[in-house]
Amino acid sequence: MSEFIGYRCSLCNTEYAPGQVTYTCPKDGGNLDVVLDYAAIRQKYEINDIISRSDYSLWRYLPLLPVKDPGGEGTPLRMAGWTPTYYPTRLAEKLGLRHLWIKDEGRNPTASFKDRASSVVVARARQIGAEVVVTASTGNAGAALAGMAAAVGHKAVIFAPKTAPPAKVAQLLVYGAQVILVDGNYDSAFDLTIQAAEEFGWYCRNTGYNPFTAEGKKTAAFEIWEHVILNLKRDLPPLAVFVSVGDGNIISGLHKGFKDLQALGWLQKMPRIFGIQSEKSAAVANAFFKGTEEIEPVQATTIADSISVDLPRDGVRAVRAARQTGGEYITVSDEEIIAGIGELGPVGIFAEPAGSTAYVGLKKAIALGKITPEDPVLVINTGSGLKDIRAAMQAVPAAPVIEPTMSALKKHLGI
Ligand SMILES: *Cc1c(COP(=O)(O)O)cnc(C)c1O
Ligand SMILES: [Zn+2]
């Protein structure tokens, strides 16, 4: 924690002391990267000091996080992260890959990747004495904030579009957050949240605005490093990591995590990061394809609500995550996204549409020759399929209904 020495603007590189700014760069609104004192961390810790800790949650990486230990032992806040990394050999064979892992972020306490960000932001709120934390959300960020705040008795206010999937809205309400649905899209909820936070003195968690969300999300990179990269044979190509992109904060957080490890001298080969977007919400991919960092808003309509964003709030860093690591952006159709849910299910993984997006992005990358059989690949399922049952039901045929008799059964089975 004492290794948190300030912020650096991702656009103009201006550096700020920890107490000098709260959200984005005052000069140009750029996203702020948290700056750590890597030399000091290296002096105190070796790899083994980190990976031998008995804390099986994202808090095992506390020495690399810019927050103090939030306490809350025994609560879901302390148990976010440390999600399973599966090695689905049948699926790998089907795709023609030698090494495939799927990291299942649906196994977080509120069932999405967002718990990583929300637990670290709640830790920060407790540290700075902020009584109310507020966020705009398409659903998962809000559920995560509501759940992590509830775990330690903190107050949370959530703004979500009224069109958010019912399961996500139910989560917000059940965790006891103050929930306000807006008659508008995620982007309008986002702007309202910032105004409300300013006027009422609330601490704002908004994605691509609060610099601590990416710090929480980077812990997934640490786990990928610990679970997969440290065990990879040295002569293999670098790991290719596939993740879906909406605001671009998860992909930026992953990149930050790998950069932290590299700065510490603990990571030899930077993974290639592949960002996957729906064709119907492709603002970051568009910028990548054009070769710029200028993010032009789109009118997002994808069924993958978690990545449906008109104006990505972390677009610049999201473009760089792929560009600076030899990765790519790939866009996929909503039909492919739905079909992907039906392909992951039979290997035991239930993904929400935004999770399937990363998987079908991998399929496309293989078809395009951007991934070869030798490449070790890790796909992140960012959220549980239980989050969006309506979408799941579109991926599979309906079950038959029969009379409860053997004759009806035999007729149905054709026996
Ligand atoms: C938020 C979210 C994403 C996208 O993350 P961004 O930081 O907005 O790019 C992907 N999948 C799920 C399930 C999410 O909740
Ligand atoms: Zn700046």
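The values are calculated or read from the model by the stated rules, or taken from the named source; none is laboratory data. Model, not experiment: these values are computed from the prediction. Positions of Cβ are generated from backbone atoms using ideal geometry, with glycine treated the same way; all protein chains shown enter the neighbour counts. Areas reflect the complete protein model, heavy atoms only, side chains present, ligands, DNA and RNA absent. Shrake-Rupley method; radii C 1.70, N 1.55, O 1.52, S 1.80 Å.
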Lys, Arg +1 and Asp, Glu -1 on Cβ, resulting dipole of the chain about Cα centre, debye, nearest 20: 840 debye
The chain, helix-only ellipticity at 222 nm - DSSP H runs n ≥ 4, -39,500 (n - 2.57), divided by all residues, nearest 500: -11500 deg cm²/dmol
Amide H within-cut-off set for Trp101, under 5 Å, with H built and near neighbours excluded: Val377, Leu378, Val379
Dipole magnitude of segment 335-398, debye to nearest 20 (Cβ charges: Lys/Arg +1, Asp/Glu -1, about Cα centre): 80 debye
Summed residue charge, Cβ within 14 Å of Gly253's Cβ, Lys/Arg positive, Asp/Glu negative: +3
Dipole magnitude of segment 17-120, debye to nearest 20 (Cβ charges: Lys/Arg +1, Asp/Glu -1, about Cα centre): 280 debye
Accessible surface, segment 288-415, averaged per residue in Å² (probe 1.4 Å): 47 Å²
Unit charges at the beta carbon, dipole of the chain: most positive-side option, Leu230, Gly153, Asn31: Leu230
Percentage relative contact order, segment 67-189, counting C-alpha pairs under 8 Å, at least six apart: 22 percent
Estimated vicinal HN-Hα couplings, Hz - segment 269-281 in sequence order (Karplus 6.51, -1.76, 1.60; Gly, Pro = x): 10, 4, x, 7, 9, 10, x, 10, 10, 6, 4, 8, 7
Principal semi-axes in Å for segment 299-415 [√(5λ), Cα gyration tensor, largest first]: 36, 18, 11
Cβ crowding within 10 Å averaged over residues, with 16-24, 185-193 ranked highest first: 185-193, 16-24
Selection from Leu181, Trp202, Phe242, by position along the positive dipole direction of segment 120-254 (Cβ): Phe242
Cα-based Rg and Dmax for the chain, where Dmax is the largest Cα-Cα distance (Å): 21.0, 76
Selection from Ser10, Val169, Ala117, by position along the positive dipole direction of the chain (Cβ): Ala117
Long-range HN-HN contacts of Thr207 with modeled amide H, under 5 Å: Ala136
Whole-angstrom gap from segment 131-163 to segment 1-35, using each part's C-alpha centre: 24 Å
Cross-link pairs Lys44/Lys290; Lys290/Lys363; Lys168/Lys269 - those with Cα-Cα distance over 32 Å: Lys44/Lys290; Lys168/Lys269
